[in-house]
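Trainee: One structure, as C-alpha cells, below. Some questions next.
The values are calculated or read from the model by the stated rules, or taken from the named source; none is laboratory data. Quantities reported herein were computed from a predicted structural model and do not represent experimental measurements. Please note: Cβ atoms are built from the backbone with ideal geometry, for glycine as well, and neighbour counts cover all protein chains shown.
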Amino acid sequence: MWKSVASAKIVGKMAKRLFIAVDISADCRDAAARFAASLRHDLPTTAVRWEHPDKLHLTLKFLGAVESSQVAAIRDAIVRVVADVTHFEITILDTGVFPNPRRPRVLWLGVKAGAKDLSRLAAEIDKNLPKGSFADEKRGFFPHCTIGRIKGPASATELAGAIRDRRFGPISWMVTEVVIYESTLLPTGSVYKAVERIPLLLS
C-alpha cells in the first residue's frame, strides 16, 4: 500500500485518509455482487470480508494520511495530468487472488483491455504529485478491483480453487473521470466519500 511520508506527523482533524481512483460501472458492481453471492452460497465456511458493491473502484494511488491543505495541490496535479487524456474504455475479465493461490488473502477482478491506459495514468499522477510528500510503491502497478479480503486460512485454498474455475465478465465501460476519495474508518468498516472529481477530455 502507498503511505504518506508525513503521516506520522499529522494528527487530529487536519488529516484526511485519501486515495486516487477510477470508478467501476453500475453493471460491474451488480455482477460483482452476484459473483460474491455465488461464492458465499457455495463456500459458506470461508471467512471473507466482502466489499460492498458501492465501494468498488480501481485504485490509482493510495495516499494515506494527508493534510487538508494538501488536497488542492493533489487536485491540481491530477488536472495537469488529465489535461490531454481522453475518455478510454476498460474491460474487467476474470478474477485472481493475492499474493498467490497457496496463500490467498485478497480476491480481485482483473483489468484486461485498458490496463496500459490505467497504468500510464497512475504513473503520470505519481510523477506529478507534490515532490517528497508521498512514498513510492515498491511493487509494480497492477490495475485491479478488490472485492474481498480473506480473514482466515480455513478453506482459503478451496476458495482460490473455486475462483480459478469461474469466469467473470467481460464487462466494459468508458473511464470519464479520476476521483479523489476520502476513506473514514468506523467500527463497522470504512466509508468512502468523493472529495474531488476530475473529468477527462471528451473524445
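Residue-by-condition table, conditions (1) modelled with pLDDT under 95; (2) among the charged types (D, E, K, R); (3) surrounded by 13 or more Cβ atoms within 10 Å (Cβ to Cβ):
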position: Glu124; (1), (2), (3): no, yes, yes
position: Lys127; (1), (2), (3): yes, yes, no
position: Ala135; (1), (2), (3): yes, no, yes
position: Arg139; (1), (2), (3): yes, yes, no
position: Thr146; (1), (2), (3): no, no, yes
position: Glu158; (1), (2), (3): yes, yes, yes
position: Ser172; (1), (2), (3): no, no, yes
position: Val178; (1), (2), (3): no, no, yes
position: Leu200; (1), (2), (3): no, no, yes
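Trainee: Then there's this: Among (1) closer than 17 Å to Ala31 by Cβ; (2) free of Cβ contacts under 8 Å to residues at least 60 places away in the same chain, which single condition is Pro187 missing?
Mentor: Condition (1) is where Pro187 drops out.
Trainee: Could you check Cys28 against (1) touching a residue at least 24 places away in the same chain (Cβ under 8 Å); (2) over 20 Å from Phe88 (Cα atoms); (3) in a helix (DSSP H, G or I) and say which number it fails?
Mentor: Every listed condition holds for Cys28 apart from (2).
Trainee: Restricting attention to region 65-120, report how many residues are in a strand (DSSP E or B) and loosely packed, with under 14 Cβ neighbours inside 10 Å.
Mentor: Within region 65-120, residues that are in a strand (DSSP E or B) and loosely packed, with under 14 Cβ neighbours inside 10 Å number 2.
Trainee: May I ask you to list the residues in region 164-203 that are β-branched (Val, Ile, Thr) and either assigned to a strand (DSSP E or B) or touching a Pro at 6+ places or on another chain (Cβ under 8 Å) (or both)?
Mentor: Hits for region 164-203 are Ile171, Val175, Thr176, Val178, Val179, Ile180, Thr184, Val191, Val195, Ile198.
Trainee: Collect the residues in region 31-43 that are closer than 13 Å to Ile150 by Cα and part of a helix (DSSP H, G or I), keeping them in residue-number order. Walk me through how you get there before you give the answer.
Mentor: So the first thing to find is which residues in region 31-43 are closer than 13 Å to Ile150 by Cα, and the list is 36, 39-40, 43.
If the condition is that a residue be closer than 13 Å to Ile150 by Cα and part of a helix (DSSP H, G or I), then Ala36, Leu39, Arg40 are the ones that fit.
Trainee: Restricting to region 44-64, name every residue that is assigned to a strand (DSSP E or B) and over 16 Å from Ile20 (Cβ atoms). Lay out the reasoning, then the answer.
Mentor: Within region 44-64, the subset assigned to a strand (DSSP E or B) is 48-50, 57-64.
Val48, Arg49, Trp50 - these are the residues of region 44-64 that are assigned to a strand (DSSP E or B) and over 16 Å from Ile20 (Cβ atoms).
Trainee: Pick from Val85, Val11, Val71: which is farther than 27 Å from Arg164 by Cα and modelled with pLDDT of 95 or more? Break it down stepwise before answering.
Mentor: On the way: Val11 fails: modelled with pLDDT of 95 or more; Val71 fails: modelled with pLDDT of 95 or more.
Unique residue meeting the criteria: Val85.
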